[in-house]
Amino acid sequence: MKKKIFNRIYTAVVLCALCLMGDLLASCNDYLDVVPDNTQEVTALFNRKETAYNALATCYHYIPEYDNTYSVLGMSDEMIMNIDRVTNGKRAVLGMLNADNPYMSYWYGPYNMKNDGGDYRAPCEASLFIPLRICNTFLNNIGRVPDMTQSEISRWSAEVKFLKAYYHFLLFSQYGAIPLIRKETTLDITDADNVVVREPVDTVVNYIVGLLDEAVNALPMRIINTSELGRIDQVICKSFKAKVLLYAASPLFNNNPLYYTLENNDGTKLFPQDNKEAERQKWERALAAYEDALEACRVANIHLFRYPASDYPKTIDARNFRNDSIRLPYMYNYQYAMVTRWNEEVVWGLSRPAHTVLDWHEIQRSINYKSSAESSTGDAWQWFGPTLNATEFFYTQNGLPMDEDPEFDYENRDSLVTITSEYAPVAMVGEQTAYMFLNREPRFYASIGFDRSRVRGYGTLYNLKMRFQEANGRQTTNDIDVPTSGVFLRKLMHPDTKGNGTITRYAWPIIRYNEMLLSYAECMNEVYGSSRQGEILAVLDTIRSRSGVPTIEEAWLNAKHPNKYTTQEGMREIIKQERTIELAFEGYRNDDVRRWLDGPKCFNAHIWQWNANEKEANRYYQRMEDPQLLHVFTTRNYLWPIPTDEIVKNPNLVQNPGY
């Protein structure tokens, strides 16, 4: 019998690509049966343009659903949930990741996983080897569709080459060295030919980049047609290529001594060996790719979002926040850059269509607080929220880390203070809260809802009261529908979203311009260090200015270590924190910490929360940690384990270290 590994067939894939290609399709009722052993069915898919278009949509269909509660959003120290509702992403950082239960695995897929009865979901709906084979089938057959022009065939082929590169990249980001699915499996393949091996990291990266280079010129320069938003264009292709090369240059994959000895059974080394010149060249290659991508963005008029002055402020905010010129404009810039549908900062986004059935696992449902004034709050789960650790990522109002600002009492950050009138737009005057929630930058207030804060939601200015048995606090000592940490996440919540089924959707940004600027600054610092400090500062200050944060030079002039930004090492740390703040809660944190090799430092910290079962402020504001939510990170967690079942089926696959 001829053997098909990585799932032998993939049948009856419902075409719900509408959700994943922006507003591309109006309805999707067809099925795509891609069965390699049934040539007649495959042939039928490519006998006319209409069915070939459905095949194209299916290639897009496997892009992970990033705005899902069970996606990568919970897979770091940023987010926390009650242990009774812990997600697979959280299991992965709680030390439970192993080869028998490879949580959040792009290799294995979600529904074949062994589990103990929990609601286990992976970041995508199936093993990514499935769409790779579907993409190969598409590329082998699209050229014979009779009613398509050569230009259409070239463009669609380029899109699918990009998707092949993207799916390979996701696997690479988890496993490093992976098998490359270069071509479609033929009907007469032998068992020996079908047994794949892991290929070296540099080979994988060059293959991904090669696919992108093949695709780019056949793609449109920039898609502006609203019916095609989410489809791949040249700007997306160039921007993604830069991201691939950033990962390849990062310490996890570039000259990492942890993996010098990892090799295939035939002795092939799977990771780059000790070569400082090659290490430097990878950073140079990534920098050149970002320069090319940013130029493409400039030509396409992609830039940092600023909330339009003609629409500022919203009526409700004009009534309540009219005097808050210090924070509100910048809070608008930061939050609406995330939640405004297809704004000028989104390089590549995926959108849920407004007319589809409401998905209970949309992130906006899980993070929203319940309103006591609403008759129905069933769509506000309020069980998934930031850690107290994440609230400390953000700067003080002086643009400095909390422990670097001499004007900020970091040692007493948990102490109780009475809220004064200057904080009236963001907190309840006369009430008590923690010192650490005051004197913070605008991005903090756009992201975090804390006890005694004032946030916009449910069509009104809402006062959050989060102590025991208060409106937004735990109602019982084991209430699992309140964020364990005692803070709510506002950044990913569109301010007009309610908890009664009124979800204001937006295109989830897979690539944003601000991320590209941060990555560009990172590459500049690694290649040039302090010799081009002025250019690096200019890039970072552009981002800080958008959010009302002082420039780095202005801020650090008064810091405890004022010269930190003048060295390459110091600037590296500043770039990391700037990236952590700017991209907070968007799903970057796990990959960034891993690729920087900062796992133990970041992920083995205590995960703090307030004492949510207390009514009095002086007892509520006591730091606690749940021993069941203790993060465990060892060096083996930098890479995912290859599932045991796959190694049993194919002994040519070698396991990653530590599993």
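Each of THR268 and LYS615 was given a label point 7 Å from its Cα along the Cα-to-Cβ line. The distance between the two points is 6.8 nm. For region 563-634, the Kirkwood estimate of the hydrodynamic radius, built from every pair of different alpha carbons, is 14.7 Å. When the Cα gyration tensor is reduced to axis lengths a ≥ b ≥ c, the ratio a/c is 1.5 or higher for region 134-227, and with a/b not above b/c it is classed as oblate.
Here's the list of lysines a cross-link from LYS183 could span, going by alpha-carbon distance under 22 Å and ignoring same-chain residues fewer than 8 apart: LYS2, LYS3, LYS4, LYS161, LYS164, LYS241, LYS649. Over the C-alpha trace of region 124-183, radius of gyration and Dmax come out as 13.0, 41 angstrom.
Within straight-line reach of LYS370, meaning a Cα separation under 25 Å, sit the following lysines at least 8 residues removed in sequence or on another chain: LYS90, LYS314, LYS465, LYS491, LYS498, LYS615.
Taking only protein heavy atoms and a 1.4 Å probe, the accessible area of the chain is 48% carbon and sulfur. Rounded to the nearest 10 square angstrom, ASP266 shows an accessible area of 120 square angstrom against a 1.4 Å probe. Peptides 134-145, 300-311, 242-253 ranked from most to least packed give 242-253, 134-145, 300-311, packing being the mean of other C-beta atoms within 10 angstrom over each peptide's residues. For region 602-623, the residues whose amide N sits under 20 Å from a probe point set 7 Å from the Cα of THR477 along the beta carbon direction are 609-623.
The translational diffusion coefficient of region 217-301, from Stokes-Einstein at 10 °C and 1.306 mPa s with a Kirkwood hydrodynamic radius over alpha carbon pairs, comes to 106 µm²/s. Inverting the pair-averaged 1/r between distinct Cα atoms of region 424-480 gives 12.2 Å as its Kirkwood hydrodynamic radius. May I ask you to derive the FRET efficiency for ARG280 and THR43 from their Cβ-Cβ distance with R0 = 60 Å, giving the value to the nearest 0.05? E between ARG280 and THR43, to the nearest 0.05, is 0.75. Post the alpha-carbon centroid distance, region 461-532 to region 211-226, in whole angstrom. About 32 Å separates the Cα centre of region 461-532 from the one of region 211-226. With a Förster radius of 45 Å applied to the C-beta separation of THR634 and ILE224, the computed FRET efficiency comes to 0.40. Each 5 Å bin from zero up to the one holding the largest Cα-Cα distance in region 250-391 carries the following percent of pairs: 2, 7, 9, 9, 12, 14, 12, 10, 9, 7, 4, 3, 1, 0, 0. Across q = 0.20, 0.21 Å⁻¹, region 419-548 modelled as identical point scatterers on its alpha-carbon atoms has Debye log10 I(q)/I(0) values of -1.17, -1.22, in the order of the q list. With contributions of -39500 (n - 2.57) from each DSSP H run of at least four residues, the per-residue ellipticity at 222 nm computed over the chain stands at -10500 deg cm²/dmol. Per residue, region 575-659 exposes an accessible area of 38 Å² to a 1.4 Å probe, with every protein chain left in place. For region 522-614, the Cα gyration tensor yields ellipsoid semi-axes of 26, 17, 14 Å (square root of five times each eigenvalue, largest first, whole Å). Ligands, DNA and RNA are left out, and with a 1.4 angstrom probe the accessible area of region 204-299 is 41 Å² per residue. Here r is the Cβ-Cβ distance between ALA288 and ASN323 and R0 is 56 Å; the resulting FRET efficiency, rounded to 0.05, is 0.75. Per-residue extension of 0.36 nm, minus the Cα-Cα distance of ASP409 and ALA424, leaves a gain of 3.3 nm for this segment.
Report note on the peptides 589-601, 384-396: ranked by the mean count of other C-beta atoms within 10 Å, highest first, their order is 384-396, 589-601. Residues of region 388-410 with an amide N closer than 12 Å to a point placed 7 Å from the Cα of TYR435 along the Cα-to-Cβ direction: 407-410.
The values are calculated or read from the model by the stated rules, or taken from the named source; none is laboratory data. Quick caveat, the model's predicted, so the values are computed rather than measured. Every residue, glycine among them, receives a Cβ derived from its backbone with ideal geometry; neighbour counts consider all protein chains shown. Ligands, DNA and RNA are excluded from the accessible area calculation, which covers all protein heavy atoms including side chains. Shrake-Rupley method; radii C 1.70, N 1.55, O 1.52, S 1.80 Å.
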